[in-house]
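Engineer: Just passing along the structure, written as structure tokens.
The values are calculated or read from the model by the stated rules, or taken from the named source; none is laboratory data. Values in this document were obtained by computation on a predicted structure and should not be read as measured data. No Cβ is skipped: glycine too gets one built from the backbone with ideal geometry, and neighbour counts run over all protein chains shown.
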Amino acid sequence: MSIARNILLGAIFATFAFAMAHASAATTGKADDKSIARGRYIAQIAGCNDCHTAGYAPSGGKVPEKDWLQGDILGWKGDWGTTYAVNLRMYMQGMNEDQWVKTARAIKTRPPMPWFALHDMHEQDLRAFYRFVRYLGPAGGPAPAYVPPGQTPNGPYAQFPAAPK
Ligand code: HEC
């Protein structure tokens, strides 16, 4: 085999390997470093960590990344009842990237989750956030169940005042 032919074969294999890597990235939600970095940035600056990562806000963001976005047992109590930031590490396991984009566009939750921010988020940022969460992988358990209005939750909670009239 000539050297030129070897080089050509090498190039073909490299192209094939690259195409395969990209094909599997698209189907499994695994991602390139750039979208993972972007997703990490969104978790940090769009407030997701503030509520969905236990201890993140009280510690000034000093929670190791491996513990991020596992939800919180801190309840948010108001006239809507008591809500808990869900475990996004598990939540994202249950859907693929396209389903997440669709869900994020339609989502409407109880307070204080800023669901409207997900409606406004650019699609590429929604995708980057998804890829980052899938890159972190599944971890943690479910957040406590929603508690209806008028009932006192068992665990810790932050009380919102009644909305001004
Ligand atoms: C102020 C606190 C807060 C912030 C900030 C916040 N969340 Fe939430 N999130 C919550 C709470 C509380 C719930 C549960 C709402 C409920 O039970 O209705 C929730 C629920 C969710 C859900 C589940 C919705 C469903 O299907 O029921 C998703 C997804 C989610 N948040 C994503 C995000 C992302 C992404 C960010 C950052 C852009 C974010 N959240 C920022 C508090 C917050």
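Engineer: State which residue is nearest to the ligand (Cβ to nearest atom) when the search covers only the range 37-68 and only residues that are assigned to a helix (DSSP H, G or I) and among the β-branched types (Val, Ile, Thr).
Structural biologist: Applying the filter and picking the extreme gives ILE42.
Engineer: Is there any pair linking a residue in the range 36-58 that is of a type in the set (Ser, Thr, Tyr) to one that is part of a loop (DSSP other than H, G, I, E, B), with Cβ under 8 Å and at least six apart or on different chains, and which?
Structural biologist: Pairs found: THR53/VAL63; THR53/TRP68; THR53/LEU69; THR53/GLN70; THR53/ASP72; TYR56/VAL63; TYR56/TRP68.
Engineer: For the range 12-70, how many residues are among the hydrophobic types (A, V, I, L, M, F, W, C) and either under 19 Å from PRO142 (Cα atoms) or modelled with pLDDT of 95 or more (or both)?
Structural biologist: Result for the range 12-70: 13.
Engineer: Would it be correct to say that TRP80 is of a type outside the set (A, V, I, L, M), touching a Cys at 6+ places or on another chain (Cβ under 9 Å) and within 12 Å of the ligand (Cβ to nearest atom)?
Structural biologist: Here the answer is no, as TRP80 does not meet what is asked.
Engineer: Across the range 83-100, what is the total count of residues that are part of a helix (DSSP H, G or I) and either crowded, with 19+ Cβ neighbours inside 10 Å or in contact with a Phe, Trp or Tyr (Cβ under 7 Å, 6 or more places away or on another chain) (or both)?
Structural biologist: So the answer is 5.
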